[in-house]
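Right, one structure below, let's go through it.
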Amino acid sequence: MKKILVLLMLLPLIAFSQNNYGSANDQDRIALTVIIPPGVDGIPEHARSLLQNKLDQVASQNGLGGISGSPRFALTAKMSVMTKDITPTQPPMEAYTYGIYLYIVDIVEQTIVSSTSITTKGAGTNANKAYTNGLKPINLNNTEIKNFMQDGKRKIIEYYNSKCDFIISRAKSLASQNQFGQSLALLSSVPDVCKDCFMKCMDEIGPIYQDYINHDCEAYVNIASGLFAANPNTTGAVDATAVLSLIDPDSDCFKKSGTLISKIEKKMREDEKRDWKFMERVWGDNVKLEAMRIKAYRDVGVAFGQGQQPTYQSVLWVF
């Protein structure tokens with residue numbers, strides 16, 4: 001049964017990957033996190049937001065956009081003043097020449113994956129308007145920008161393909177330390193465009209997820225046993241049942257939860273049996289709901305990965 005469940009969990013991912021082998025959109029499945037740290041180089045807040053929006057568009061148009069992005073790779077930029085002049089007009093205008101530097105960076109290793117720069121000009125009655133007017137005309141279809149994004153895609157794919165054995169080894173090491181969320185997040189982070197590495201990681205996810213639910217099952221049974229031992233009554237039964245309902249029915253020790261349920265029932269007083277029957281039904285319903293979550297193993301990795309998204313501080317070394 002367990003092997004069948006793991007296979008069912010993997011089938012949608014395997015089918016998706018195989019159906020897209022060699023397609024023109026392969027690289028589109030890599031997603032970057034876009035970050036512009038606040039206050040860098042004195043860029044006014046409105047201009048910083050506009051620059052962030054520009055980068056979001058660049059990522060999306062070049063197949064590197066996504067809702068969650070990558071916890072490892074990020075797209076960022078800085079904007080520097082190259083020249084500043086005051087125009088002899090009424091009212092006087094501040095005229096700037098800006099250098100905009102774009103980077104795709106590896107957050108973990110703190111290295112620049114790809115970079116380029118463009119020059120733009122803007123003028124306004126104050127610095128904020130000048131910055132804004134300098135950003136508005138930027139052509140997102142600029143050849144240099146496209147080449148920069150393509151170079152970043154290629155190098156990210158090369159990274160995963162060349163580091164695949166290390167990624168798997170690291171994931172196994174984390175799992176052996178019971179750091180299952182981090183382990184599954186690492187394996188799940190490999191984009192399916194990296195075909196060989198992606199499939200190798202999928203092969204590893206099933207066993208590690210099984211270890212994860214087995215580990216949690218033992219912990220939940222012990223906690224539930226302790227709760228009922230401390231309060232061998234309806235209150236203790238309710239608390240213990242709530243914990244037992246968290247157990248994945250495909251875990252190796254799932255039968256222990258059923259045994260504990262029976263043990264609790266035997267110790268209940270007759271006048272409490274009606275309440276207990278209700279709680280037992282709640283436990284059964286929760287078990288059925290858990291059984292339907294065939295993508296749960298990936299949810300663990302995704303949840304952990306979202307908690308590890310790059311932050312403003314994590315890209316400041318670029319500046």
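Read-outs: derived from the displayed coordinates by stated rules, not from any lab. Since we're looking at a predicted model, the values are computed, not measured. Cβ placement follows ideal geometry from the backbone for every residue including glycine, while neighbour counts extend to all protein chains displayed.
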Fraction of alpha-carbon pairs in the stretch 130-192 farther than 14 Å apart, rounded to whole percent, equals 69
Under the Karplus relation with 6.51, -1.76 and 1.60 and θ = phi - 60°, whole-Hz ³J(HN,Hα) for the stretch 116-121, x at Gly and Pro, equal 7, 9, 9, 10, 9, 10
Rounded to 0.05, the calculated FRET efficiency for the beta carbons of T97 and S60 at R₀ = 45 Å is 0.95
Averaged over all viewing directions, the convex hull of the alpha carbons in the stretch 31-157 casts a projected area in nm² of 7.7
Measuring from its Cα centre, the stretch 31-157 shows a charge dipole (+1 at each Lys and Arg Cβ, -1 at each Asp and Glu Cβ) which, in debye to the nearest 20, is 220
Checked against the positive end of the charge dipole of the stretch 40-164 (+1 on Cβ of Lys and Arg, -1 on Cβ of Asp and Glu, about the Cα centre), the farthest of Q90, L135, N62 is N62
Of the listed links K54/K163; K54/K153; K172/K195; K78/K129, those spanning more than 29 angstrom between alpha carbons are K54/K163
If the label point sits 7 Å along Cα→Cβ of I86, residues of the stretch 125-150 with amide N under 12 Å come out as none
